[in-house]
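*Asks:* Quick one: the structure is below, questions incoming.
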Amino acid sequence: MEHLLSMLTMSDQEIIDVLDLADKIKAEVKQGVFKPYLKNKTIGLIFQKASTRTRVSFEVGAVQLGAYPLHLDASTMQIGRGEPIQDTARVLSRYLDGIMIRTYAQKDVEDLAKYGSIPIINGLTDFAHPCQVLADLQTIRGHKGKLAGLKMVFIGDGNNMCNSLMVGALKTGMSFACACPEGYLPDPACLEFAKAYGDKLQLVTDPMEAAKDADVILTDVWASMGEEGEAEARRKVFEGVYQVNDALMQQAHSDCMVLHCLPAHRGEEITESVFEAHADEIFDEAENRLHAQKAVMVKVMGE
Ligand code: CP
Ligand code: NVA
């Protein structure tokens with residue numbers, strides 16, 4: 001694997017290979033075994049948006065692999081003052097063995113890969129959040145023992161999480177239903193991709209309809225990072241309808257999982273009672289960020 005730019009750029013087999021390696025590395029860690037898969041490598045972690053999980057799991061993960069992580073706050077880098085991505089990519093390629101970047105435009109991630117000569121990992125853009133979705137798939141497979149044949153449901157904004165979950169679910173043999181309000185649909189590129197999967201994709205506006213017979217339900221905030229100015233307008237659209245609550249869970253299979261990438265807004269996209277009833281799954285999911293991303297780093301920087 002050369003880069004991780006989005007779930008669209010991963011082959012079906014690459015996804016399974018990352019999940020298998022993530023499970024192997026997780027089992028090793030649980031036995032206290034930390035193999036130096038990336039001894040003496042250095043990874044730059046560029047952040048143009050806030051982060052708790054992504055920053056900490058990448059830093060800890062890199063150290064556990066024998067690599068050195070460099071946290072780079074974009075506001076104190078020259079890209080924060082307008083230095084072009086093309087030049088940043090070429091400079092950083094002379095120092096580092098890989099870059100993880102969290103930013104706004106997907107094009108910036110793709111340009112880093114295009115103009116640089118080292119592996120690039122997408123740590124979240126407005127379009128995609130592939131690292132999170134790999135951890136989500138690892139969590140579902142860990143709890144259910146399989147992915148193919150399950151029904152994944154997403155309730156809420158057709159955002160980066162919805163886009164990446166849709167592609168990840170379909171590529172691993174799951175069916176995917178999402179309930180998004182009019183005007184907040186997933187990205188057209190992901191919908192175009194999903195066309196080949198026929199009725200394995202269900203796109204509706206009614207959460208109750210989407211949740212029917214679900215094996216796993218996911219949701220995310222109504223306003224993502226960068227959309228703070230739209231928060232009130234979005235609240236009016238989503239409030240009272242686009243919420244994972246006890247009534248919605250009645251539509252799903254009785255052993256349905258609930259996941260949330262976090263941070264969660266209790267009382268908005270998910271109720272306190274559903275969140276707490278599924279806290280074990282949600283915090284397994286958060287833990288798996290560490291294992292899944294270690295697998296991604298090994299795949300792109302070590303092989
Ligand atoms: N889920 C996730 O990416 O969390 P952070 O924003 O804290 O990194
Ligand atoms: N959709 C959210 C995900 C945060 C992990 C955002 O982009 O802010």
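*Asks:* Can you tell me which of (1) touching a strand residue (DSSP E or B) at 6+ places or on another chain (Cβ under 7 Å); (2) closer than 23 Å to residue 192 by Cβ is the one residue 139 doesn't meet?
*Replies:* Evaluating residue 139 over (1) touching a strand residue (DSSP E or B) at 6+ places or on another chain (Cβ under 7 Å); (2) closer than 23 Å to residue 192 by Cβ leaves (2) as the failure.
*Asks:* If the requirement is being without any contact (Cβ under 8 Å) to a residue 24 or more places away in the chain, open to solvent by 10 Å² or more (accessible area, probe 1.4 Å), out of contact with any Pro (no Cβ under 6 Å at 6 or more places or on another chain) and in a helix (DSSP H, G or I), which of these qualifies: 281, 287?
*Replies:* On the way: 281 fails: without any contact (Cβ under 8 Å) to a residue 24 or more places away in the chain.
Answer to the check: 287.
*Asks:* List, please: which pairs have Cβ atoms under 9 Å, are six or more places apart or on different chains, and start with a residue in the stretch 211-232 that is at positive phi and end with one that is within 16 Å of ligand 1 (Cβ to nearest atom)?
*Replies:* Partner pairs satisfying both residue conditions: 226/49; 226/104; 226/126.
*Asks:* Next question, about the same structure. Would you be able to tell me the number of residues in the stretch 43-74 that are closer than 18 Å to residue 291 by Cα and more than 16 Å from ligand 2 (Cβ to nearest atom)?
*Replies:* If we filter the stretch 43-74 for residues that are closer than 18 Å to residue 291 by Cα, which is where we start, we get 43, 45, 51-69.
Next, from what is left, pick out any that are more than 16 Å from ligand 2 (Cβ to nearest atom): 43, 59-69.
Going through the stretch 43-74 one residue at a time, the tally reaches 12.
*Asks:* Tell me the residue from 80, 61, 149, 66 that is more than 20 Å from the chain's Cα centre (by Cα) and part of a helix (DSSP H, G or I), please. Quick ask: steps written out before the conclusion?
*Replies:* Details: 61 fails: more than 20 Å from the chain's Cα centre (by Cα); 149 fails: part of a helix (DSSP H, G or I); 66 fails: part of a helix (DSSP H, G or I).
Checking each option against the conditions leaves just 80.
*Asks:* Restricting the search to the stretch 222-250, which residues are closer than 29 Å to residue 199 by Cβ and either in a helix (DSSP H, G or I) or in contact with a strand residue (DSSP E or B) (Cβ under 9 Å, 6 or more places away or on another chain) (or both)?
*Replies:* 237, 238, 241, 242, 243, 244, 245, 246, 247, 248, 249
*Asks:* Going through 262, 248 one at a time, which residue ends up being modelled with pLDDT of 95 or more, hydrophobic (A, V, I, L, M, F, W, C), within 16 Å of ligand 1 (Cβ to nearest atom) and open to solvent by less than 70 Å² (accessible area, probe 1.4 Å)? Show your work before the answer.
*Replies:* Details: 248 fails: within 16 Å of ligand 1 (Cβ to nearest atom).
Just one listed residue meets the conditions, 262.
*Asks:* Please verify whether the stretch 114-122 includes one or more residues that are basic (Lys, Arg), surrounded by 15 or more Cβ atoms within 10 Å (Cβ to Cβ) and either within 16 Å of ligand 2 (Cβ to nearest atom) or touching a residue at least 12 places away in the same chain (Cβ under 8 Å) (or both). Break it down into steps so the answer makes sense when it comes.
*Replies:* As a first pass, look at the stretch 114-122 and keep what is basic (Lys, Arg): 114.
Okay, now just the ones that are also surrounded by 15 or more Cβ atoms within 10 Å (Cβ to Cβ), so none.
No, the stretch 114-122 contains no residue that is basic (Lys, Arg), surrounded by 15 or more Cβ atoms within 10 Å (Cβ to Cβ) and either within 16 Å of ligand 2 (Cβ to nearest atom) or touching a residue at least 12 places away in the same chain (Cβ under 8 Å) (or both).
*Asks:* Here's another thing I want to ask about it. If you go through the stretch 19-41 one residue at a time, do you hit one that is more than 23 Å from the chain's Cα centre (by Cα), open to solvent by less than 60 Å² (accessible area, probe 1.4 Å) and of a type in the set (Asp, Glu)?
*Replies:* Checked against the condition, which is being more than 23 Å from the chain's Cα centre (by Cα), open to solvent by less than 60 Å² (accessible area, probe 1.4 Å) and of a type in the set (Asp, Glu), the stretch 19-41 yields at least one hit.
*Asks:* Let me ask something additional. From the list 185, 191, 203, which one is assigned to a strand (DSSP E or B), open to solvent by 10 Å² or more (accessible area, probe 1.4 Å), of a type in the set (A, V, I, L, M, F, W, C) and modelled with pLDDT of 95 or more?
*Replies:* On the way: 185 fails: assigned to a strand (DSSP E or B); 191 fails: assigned to a strand (DSSP E or B).
So the residue among 185, 191, 203 that is assigned to a strand (DSSP E or B), open to solvent by 10 Å² or more (accessible area, probe 1.4 Å), of a type in the set (A, V, I, L, M, F, W, C) and modelled with pLDDT of 95 or more is 203.
The values are calculated or read from the model by the stated rules, or taken from the named source; none is laboratory data. Not measured: the values here are computed from a predicted model. We place every Cβ from the backbone using ideal geometry, glycine too, and count neighbours over all the protein chains shown. Heads up: the accessible areas ignore ligands, DNA and RNA and are worked out on the full protein's heavy atoms, side chains in. Shrake-Rupley method; radii C 1.70, N 1.55, O 1.52, S 1.80 Å.
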